[in-house]
Amino acid sequence: MIANVQLTRRPPRSQRTTLAFAAAALCACSGDPSTSEAGGGMAGKVWFEDVTDESGLSFEHIAYYEQKYLMPECIGAGVALIDFDNDGDLDVYCLQSGDPSAAGGASSANRLYRNDGSGRFVDVTEASGAGHQGNGRGAAVGDYDQDGDLDLYITNLGPNALLQNNGDGTFSNVTAKANVGHPGWGASAAFFDADQDGDLDLFVANYVEWSPGAELPCTGAGGGLDYCNPTNFDAPAQDVLYRNEGDGTFSDHSGAAGLSSAFGNGLGVVVDDFDGDGWQDVYVANDGTANQLWINGRDGTFLDRSLLSGCAVNMNGAVEAGMGVAVLDLENDGDPDLLMTHLRAESNTLYVNRRGVFRDRTLNAGLHATSLNYTGFGLGVADFDQDGNLDLYVGNGRVARWTMSFDPKKPYAEPNQLFRGTGSGQFKEVEPQGGVREAYIGSTRGLALGDLDGDGDIDIVLSENGERMRVLRNVGAQGNWIGFRVVTPEGQPLQDVIGARLRVDFGDEVRWRTLTGAYGFCSANQIHAHVGLGDATAIDAVTIHWPDGGEPEAFGPFAADSTHVLVRGQGDAQAPRAQK
């Protein structure tokens, strides 16, 4: 048992179970059809309730003012979850786009909504100074200046921006001082410690070298103008690595790091230790070009090992339209696997990692046929029902018209999908589709996962292209759970240790989690770790592997249904356990 471990209590499991049974009863009474075998035996179960109206989150995304079939119109933007005021609950930062051909970007600014602690939100944009005005695309969250407050990095179609958290509920735009205002088409971004010096560096995936004058006339299904494929432009972009200098500034380290050796149409980014050497690596999902796996050379350089590692192209040797990407440990063996979303007629793809070598296991996992009719963007991986197995949520929406339409009034709209993890390396699509009572037909782009209402389970915020943002409250979680926040040593400003890898042991079971908010599509998720435990009421231990190479520490045992704050230096020094 470790002394001085802080605990944050959550409501008991019985309250959540009551909500879940009540929702299921409502679904049965309304005459909703039962799920088929494809639903994994979860007949008629409602997993999420759409609480957008009651949440107060009134943000509506603008994709264009007049549809001109310019490519940025169909790509959309993400969303960020950030506890900007350090009150213990998640606030929501919404990215606004607008007319891609207009000088100066959007005519309205990004919006910040403060959580009152119950999952209800109030617009505090003006008071906070967070209303950056550009053509917003994505966001990353991290404490780059190590003062204990989470900062915001915003990617744009045009110059990116860094908003420094002042610690008093306000932000300051420090882009010029920090030297991070890259002028291209930024997509997903991630804060991480690339050089193990203790502060957060920044990786930015860029999409294409685009301008209105580069647009080409493209024809869609059935004739008429439609959006072009990014490869039509033949203008893949170089990604950017900014090195944190520790004084509030960054230096562009892209060339020295070797990123100029491989260009692509970057949309999704994840960071983890993919080869097991203790250093953080970067994976980029590219749209229509080979993906990149940047292995950390431990000397300031990165080498693209995607082709040799087996995760550049799919099992047929074909490049795919990579949109969102997430890390998951499907086999609970300590090797981070990769999952990404793709274009209609391509499947969403799963690469299983075995000691740094990846194999396309999409067919084995049951994810091939179920995704062929959809274009996936946003991607969330979490144990939504808390049975001990990771589940998948995919946000869908087309970028080109097709002959089969889900809604004649919205030719680019599609329903989202929810997949239940079976525990055997496979996933089963849940019905009703998307885990909601009535499937919503829309154009989801980014989505972010986190506990919005403080009840311990994982909720979802959906960023819709050209439509109102949506909030899905989890009402289907029935198993026990445990949460972890991993922070810096006592006496230092309280910072989440991004990149820490957690091994959770309970009975004969092992689960691995990496602390990062950067995954999916252009979005920032809750950084804390969440582990479903099923019927287990406690864990035996959690072992933390530090991103700067420090000796692992073990904490525990801990009771279930609580979030535990683990302070570096207060655990037991312990050699890494053998991976299962």
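The values are calculated or read from the model by the stated rules, or taken from the named source; none is laboratory data. The shown structure was predicted, so the numbers you read here are calculated from the model rather than taken from an experiment. Here Cβ is always computed from backbone atoms with ideal geometry, including for glycine, and neighbour counts include all displayed protein chains. Accessible surface areas use protein heavy atoms only, side chains included; no ligands, DNA or RNA. Shrake-Rupley method; radii C 1.70, N 1.55, O 1.52, S 1.80 Å.
Quick notes on this structure:
- Exclusive hit being buried (at least 24 other Cβ atoms within 10 Å of the Cβ), touching a Phe, Trp or Tyr at 6+ places or on another chain (Cβ under 8 Å) and either modelled with pLDDT of 95 or more or farther than 26 Å from Ala139 by Cα (or both), set Gly442, Gly395: Gly395
- Count of residues meeting criterion [assigned to a helix (DSSP H, G or I), modelled with pLDDT of 90 or more and open to solvent by 50 Å² or more (accessible area, probe 1.4 Å)] in segment 219-268: 4
- Residue that is farthest from the chain's Cα centre (by Cα) [pool: residues in segment 365-378 that are buried (at least 20 other Cβ atoms within 10 Å of the Cβ) and not in a loop (DSSP other than H, G, I, E, B)]: Ala365
- Test: residue in segment 47-60 that is assigned to a loop (DSSP other than H, G, I, E, B), in contact with a helix residue (DSSP H, G or I) (Cβ under 7 Å, 6 or more places away or on another chain) and within 20 Å of Ser443 (Cα to Cα): no
- Of all residues in segment 398-435 being among the β-branched types (Val, Ile, Thr) and under 15 Å from Ala221 (Cα atoms), the one that is surrounded by the fewest Cβ atoms within 10 Å (Cβ to Cβ): Thr403
- Subset of segment 459-486 that is assigned to a strand (DSSP E or B) and of a type in the set (Gly, Ala, Ser) - its residue that is surrounded by the fewest Cβ atoms within 10 Å (Cβ to Cβ): Gly483
- All of Val357, Val352, Val381 fail the test of being surrounded by fewer than 20 Cβ atoms within 10 Å (Cβ to Cβ), more than 30 Å from Leu225 (Cβ to Cβ) and at pLDDT 95 or above, apart from Val357.
- Count of segment 313-336 residues which are farther than 23 Å from Gly138 by Cβ, out of contact with any Gly (no Cβ under 9 Å at 6 or more places or on another chain) and not polar (S, T, N, Q): 6
- Restricting segment 353-364 to residues that are assigned to a helix (DSSP H, G or I) and over 21 Å from the mean Cα position of the chain (by Cα) leaves a set whose member that is farthest from Gly334 (Cα to Cα) is Leu363.
- Any hit, segment 60-67, residues being modelled with pLDDT of 95 or more, crowded, with 23+ Cβ neighbours inside 10 Å and touching a Phe, Trp or Tyr at 6+ places or on another chain (Cβ under 9 Å): no
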